[in-house]
Structures are given as structure tokens and as C-alpha cells.
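Only one structure is covered here, and it is reproduced in the block below.
Throughout, read-outs are computed from the coordinates displayed, never taken from laboratory work. Quick caveat, the model's predicted, so the values are computed rather than measured. Quick reminder, even Gly has a Cβ in these numbers, built from the backbone with ideal geometry, and neighbours come from all protein chains shown.
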Amino acid sequence: MSAIPLTVLDGGMGRELARRGAPFRQPEWSALALMEAPEQVQAVHEDFIAGGARVITSNSYALVPFHIGEERFAADARGLASRAGRLARAAASAASGVRVAGSLPPLFGSYRPDLFDAGRAAEVLAPLVSGLAPHVDLWLAETQSSIAEARAIRAGLPDDGKPFWLSLTLRDDSVDGPAVLRSGETVADAAEAAVGMGAEALLFNCSRPEVMGAALAAARSVVERLGAALTLGVYANAFPPQPEDATANDGLDELREDLDPAGYLQWAAAWREQGADIIGGCCGIGPEHIAALSRELG
């Protein structure tokens, strides 16, 4: 186990909003509550903090044309990103020692590296960065499916001195083989790319717990070989395995019964033993999960 103190992340915003009865539908996902019931977004942030999270993530994941449409994106993306940042900052400021991560999502759809459009990446990213920038302590490019996606987001960030964290989503069927991104690229190659991008942390998220151990091992091997100062972390989801052609708007997945707080804690403890110094949760992982892992591992 690492001697570095554990940094506890929050859990999944969208499914927690849905569970509470906040405005929630496809395709807007978690953006709908941001538009119609922002107080519920802040309440979720506050409950994750009460559970022990010391890094909370802005509710800006769905603020892309894929979720809110081209017209609404053009008119409102920057203002909504600013609102997401302000809500997270308000929740963090009411506690001690809590940082805000600015969520920078896949710009053209989750789990779909084939939809990535390099020619539009800067245009879609810019209003999110502009709106979030005054409110966040670090940048989190999350659920990235390919190295090209990650590099495009890194290139679009300001030279503001804020840490850059990169989080990758993995193929859910790679349990018995090497850990690979949804693009098919290896975690080892992605870890080398993360070092080259100057990332402070490399995480793995929005994939099932079973594939995270191999990813940590592959990334740790690269870190040791390069002598890099790259912190590793995990925040898995509670979904069944997702097919290669899945998208975030296919429907509302059922959650696994075995990933209750006690079940998820067992996985988190294993990741901690494998050298993960940042642990939280993604879709379907709520404040009660974060409270359990913070209490036992924090």
C-alpha cells in the first residue's frame, strides 16, 4: 500500500440526481438539473463532501452538443459551465480542504472514440474551459476513450498553473487480457502519453471494477520505468459491462446489486493496495459509497 495519504473523490452526479427525483432525462442527463434545479446539484456536492470527498467534480459533464444539442450549446454552454463551477465552489467553500475539479468530458460522446472530431475539438472545449476557469482548482479530462481525445483537451487548456488530471475509460471486456482503452490503445501507451502531457494524475473511470486492477498495474509499470511523478487513481462505475458501440444516451442502465457500499469498498481496498492514491466513484456510486471508503481507507 502507498504511504501517500488517500485523496477521496466524489461519486457519480447524474445517477444520484436521478435517484433523488431531480429533473433528469435523456439526452440532457445531468445537465437538466443544472438548468432547472441547480440547488439539487449543490445538495449532491454537499452530500459527497459530508461523506468524506476532498475533491468534488463540477457538473459539466453533459454540457456538450451530444447531450444538449447544437443550438442550446451555442447559446448556453459557457453560462451553464460557469453555473456548474459556481455550484461546486459554493459547496467546497463551506467545507475545509475541499478542491473543485473542472470536469472536461468526451466532447462528442462517451465510450465512442470513433466519434471524435479533431477539427471541432477546440471549438467545443473553449466555452467549457472559459466558464469553469474562475471556479476550479484543477482540470479533469474524464472518461477519455483515446489518446487523441486526451491530447486535444490538454491542448485546449490555458497556461494557468492548475494541475491537469487525465482519466481514461477502459474496455469492459478486457478482464483476462491487457488493459486497453475503448479505442483499443494500451494503458501503457496512454500512461506514457499522460507523462508527456504533464499530467499530475492518471486515473481510470466509468468502467467496471474488474478491469481496473490490470490498468493500475500497467500504468504503475510505466511510472516506475520512467521515474515519473504521476499519481494513479480509480473511480469505477456500477454498470454491467458496456458494449463497444454503447453511448451515454442508449438508456438508463441497471445498477449492479453487488456494488453496494460494502461491495464497492472491497474493490477500493484492493486498488489502494495496488498503489491507487486517488479513489472515488463514477455512475451509480453515491454518497454512501464514498462515506464507506473514506471511513475505512481515508
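With a point put 7 Å past each Cα toward its Cβ, work out how far A262 is from L138 in nm, to one decimal.
The modelled label-to-label distance comes out at 3.2 nm.
Quick check for me: using +1 on Lys/Arg Cβ and -1 on Asp/Glu Cβ, what's the dipole size of the chain about its Cα centre, in debye to the nearest 20?
740 debye
How much length, in nm to one decimal, is gained on full extension between E224 and R295, taken as 0.36 nm per residue of separation minus their Cα-Cα distance?
Result: 22.6 nm gained on full extension.
Within the stretch 200-223, which residues have the backbone N less than 14 Å from the label spot 7 Å out from E273 along Cα→beta-carbon, could you tell me?
213-214
Rounded to the nearest 0.05, what FRET efficiency do A126 and R19 give with R0 = 30 Å and r taken as the Cβ-Cβ distance? Could you check?
Efficiency, from the Cβ-Cβ distance: 0.35.
Of the residues G227, G51, G184, which exhibits the maximal mean-square fluctuation in a Gaussian network model of the chain defined by a 10 Å Cα contact cut-off?
The residue with the greatest mean-square fluctuation here is G227.
In whole percent, what relative contact order does the chain give with Cα contacts below 8 Å and a gap of six or more residues? Could the numbers behind the result be given before it?
Details: 649 pairs, mean separation 66.5, N = 298.
Normalised by residue count, the contact order of the chain is 22 percent.
Out of A276, V41, H67, whose Cα points farthest toward the positive end of the dipole of the stretch 7-297 (charges: +1 Lys, Arg; -1 Asp, Glu; placed on Cβ)?
V41
Please identify, among T169, T186, T57, the residue showing maximal mean-square fluctuation in a Gaussian network model of the chain using a 10 angstrom Cα cutoff.
T186
For Cα pairs less than 8 Å apart in space and 6+ apart in sequence, what is the mean separation divided by the residue count of the stretch 5-115, i.e. the relative contact order in percent?
Worked out over the stretch 5-115, it gives 29 percent.
Between beta-carbons, use under 15 Å as the cut-off and find the net charge around L138, counting Lys and Arg +1, Asp and Glu -1.
Neighbourhood net charge equals -2.
How much net charge surrounds I56 when only other residues with a Cβ under 14 Å from its Cβ are counted (Lys, Arg +1; Asp, Glu -1)?
-2
Work through the residues other than S93 whose Cβ is under 12 Å from its Cβ and net out their charges, Lys, Arg +1 and Asp, Glu -1.
Cβ neighbours under 12 Å give a net charge of +1.
State which helices in the chain qualify, where a helix is a whole DSSP H run, it must extend 20 Å or more along its own axis by its Cα atoms, and its mean Kyte-Doolittle hydropathy must be at least 0.5.
Correct list, ordered by number: 118-132, 212-226.
Between E210 and Q26, what length in nm is gained on full extension when 0.36 nm per residue of separation is reduced by their alpha carbon distance? Kindly include the intermediate steps, with their values, before the conclusion.
Working: separation 184, 0.36 × 184 = 66.24 nm, distance 2.76 nm.
Difference between extended and current length: 63.5 nm.
For the chain, just the Cα atoms, rotate onto the principal axes and tell me the three extents in Å, largest first.
Between the extreme Cα coordinates on each principal axis of the chain lie 46, 41, 37 Å.
Quick one: dipole size for the stretch 81-166, taken about the Cα centre, charges +1 on Lys/Arg Cβ and -1 on Asp/Glu Cβ, in debye to the nearest 20.
For this selection, approximately 260 debye.
Would you compute, from DSSP H runs of 4+ residues alone, the mean residue ellipticity of the chain at 222 nm, taking -39500 (n - 2.57) per run and dividing by the full residue count, rounded to the nearest 500?
-13000 deg cm²/dmol
Give me log10 I(q)/I(0) at q = 0.20 Å⁻¹ for the stretch 140-291, Debye formula, one equal scatterer per alpha-carbon, no solvent.
So the normalised log intensities are -1.28.
How long is the gain from D189 to R72 if the chain were fully straight, where each residue apart is worth 0.36 nm and the alpha carbon distance is subtracted? Let's see the in-between values first.
On the way: separation 117, 0.36 × 117 = 42.12 nm, distance 3.65 nm.
38.5 nm is the gain from fully extending D189 to R72.
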